[in-house]
């Protein structure tokens, strides 16, 4: 199962707890990228630029081969169709949907967090670009607006068990 959504939506945090609840492994694709590239995400973005970063992210995702694993890719994974097709081949894709206003409260370090965005883009533009892509690729969607971690995990488990 793969969790997609904006940075700050809780993919990694929810993913760890969800994996424990399901008895699965957990894989953070951002850490995989950093290990493969030998650099922090923000350093890759700063030194190489957006497109090389997205290509490195795609290549890291394409290298994933696993079962019974909750995968938390970076929020920009939806910008490379090959990456998303591979994640869908690995299992269900679940979108952790968060409204922009709450997202803006959660993501205050846009310039240093390793978030892939083009020059001149702000958080609103990134959100508006990606939200339709998350919807497109998701098999399931869970609204995480105003929820605690446990409420979100419970909602994800309910969504997974209902299908």
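Over the C-alpha trace of the chain, radius of gyration and Dmax come out as 14.7, 44 angstrom. With helices as the sole contributors, the chain gives -16000 deg cm²/dmol at 222 nm; each DSSP H run of n ≥ 4 counts as -39500 (n - 2.57), and the sum is divided by every residue.
Scoring 144-155, 50-61, 68-79 by mean Cβ neighbours within 10 Å over their residues and listing the highest first yields 68-79, 50-61, 144-155. In the chain, the DSSP beta bridges split such that about 0 percent are antiparallel, to the nearest 5. The mean sequence distance of close C-alpha pairs (under 8 Å, at least 6 residues apart), as a share of the length of the chain, puts its relative contact order at 33 percent. Every Cα-Cα pair of segment 56-141 was included, and the share exceeding 18 Å stands at 46 percent.
If I take R0 = 22 Å and measure r between the Cβ atoms of residue 108 and residue 48 in this structure, what FRET efficiency does the formula 1/(1 + (r/R0)^6) give, to the nearest 0.05? About 0.35, to the nearest 0.05. Give me log10 I(q)/I(0) at q = 0.24, 0.27, 0.28, 0.35 Å⁻¹ for segment 118-159, Debye formula, one equal scatterer per alpha-carbon, no solvent. Per q value, in the given order, log10 I(q)/I(0) is -0.87, -0.92, -0.93, -1.07. Between residue 124 and residue 39, the contour length at 0.36 nm per residue exceeds the Cα-Cα span by 27.9 nm.
The slack between residue 139 and residue 16, meaning 0.36 nm per residue of separation minus the straight C-alpha distance, is 42.3 nm. How many angstrom lie between the Cα centre of segment 91-163 and the Cα centre of segment 74-88? Each part reduced to its Cα centre gives a spacing of 14 Å.
Descending by average beta-carbon neighbour count within 10 Å, the peptides 98-108, 4-14 line up as 4-14, 98-108, the highest first.
Readers should treat all values here as calculations from the given coordinates under stated rules, not as data from a laboratory. Being a predicted model, the structure only gives us computed values, none of them experimental. Don't worry about glycine lacking a Cβ; one is built from the backbone with ideal geometry, like all the others, and counts go over all protein chains shown.
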